[in-house]
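Okay, structure first, notes after.
The values are calculated or read from the model by the stated rules, or taken from the named source; none is laboratory data. Because the structure is predicted, anything quoted here is derived from the model rather than measured. Glycine also receives a Cβ, built like all others from the backbone with ideal geometry; neighbour counts cover every protein chain displayed.
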Amino acid sequence: MVAGGRPPSLVAERALFADGAPVVLACDEVGRGALAGPVTVGLVVILPDVRRIPAGLRDSKLLPEPKREQLAPRAAGWVAASAVGEASAAEIDAIGIMACLGLAGSRAYRALAAEFDLPGGAPLLLDGNHDWLSQSIEHRAQVITRIKADRDCASVSAASVIAKVHRDRGMRREHDDLPLYSWDENKGYSTRAHFAAIDDHGPSALHRHTWLHDRSVTAESGPALFDLGVG
């Protein structure tokens, strides 16, 4: 089997185009469950004449870091336009993760709208079963939630890879400035070593301080699939 499982398709996107959609938007988030760093939302737009899916494209969680790095520019070149929005650890502490998903999504939407003329009410495929985006973008898109969209829908997979690579690069830069927490390896997610570093050095400004009391989600069974690339 090809590493990363079966490839996503354009079945859902083609159905929306067949129903008359002039464009299809797709959205995914990364970093929701991390102890440190931002939550990051990737947003892409594709057109009816979208080309063949880039070889190897998968949900970012199913790919090792080197493969994601290779795919990110190809995914960005495959879509008509893309953007990333983030909400910081301080913002997560202040207003909570769900509100920050919407905040990061609204920032991604504004950035995308500045680059591409988005028609009002365009369909937007959102991974998961909860619409955390519509209110934040003032219902300017028709949000369609879909479980496993990051795995099954190529446009959402592209958004996932673009967002994940953007966030990981940011965490590696933070590691260069403050290497105590090994963010180059854990990207801010929970591991025994990460918690041990917090115990030894205290939390940093990049940590979500309101999350640090709960150590129930640790790496007791080892890192998540590939390099802790969980959402």
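Select from the range 30-52 the residues that are charged (D, E, K, R) and under 18 Å from Leu71 (Cβ atoms) and write down the one among them that is surrounded by the most Cβ atoms within 10 Å (Cβ to Cβ). Selected residue: Arg51. Of all positions in the range 120-127, at least one carries a residue that is more than 15 Å from the chain's Cα centre (by Cα) and farther than 14 Å from Leu43 by Cβ.
Please identify the pairs in which a residue from the range 112-135 that is over 20 Å from Ala154 (Cα atoms) and not assigned by TED's automatic domain parsing to the domain that holds Asp59 has its Cβ atom under 7 Å from the Cβ atom of a residue that is polar (S, T, N, Q) and in a strand (DSSP E or B), counting only partners at least 6 apart or on another chain. If the second residue must be polar (S, T, N, Q) and in a strand (DSSP E or B), no pairs are left.
Considering only residues of the range 156-184 that are polar (S, T, N, Q) and part of a helix (DSSP H, G or I), which is farthest from Ala12 (Cα to Cα)? Steps first, answer last, please.
Going residue by residue through the range 156-184, those that are polar (S, T, N, Q) are 157, 160, 182.
Next cut, part of a helix (DSSP H, G or I) only: 157, 160.
Working: Ser157: 13, Ser160: 16 Å.
Step by step, filter the range 156-184, then rank; the result is Ser160.
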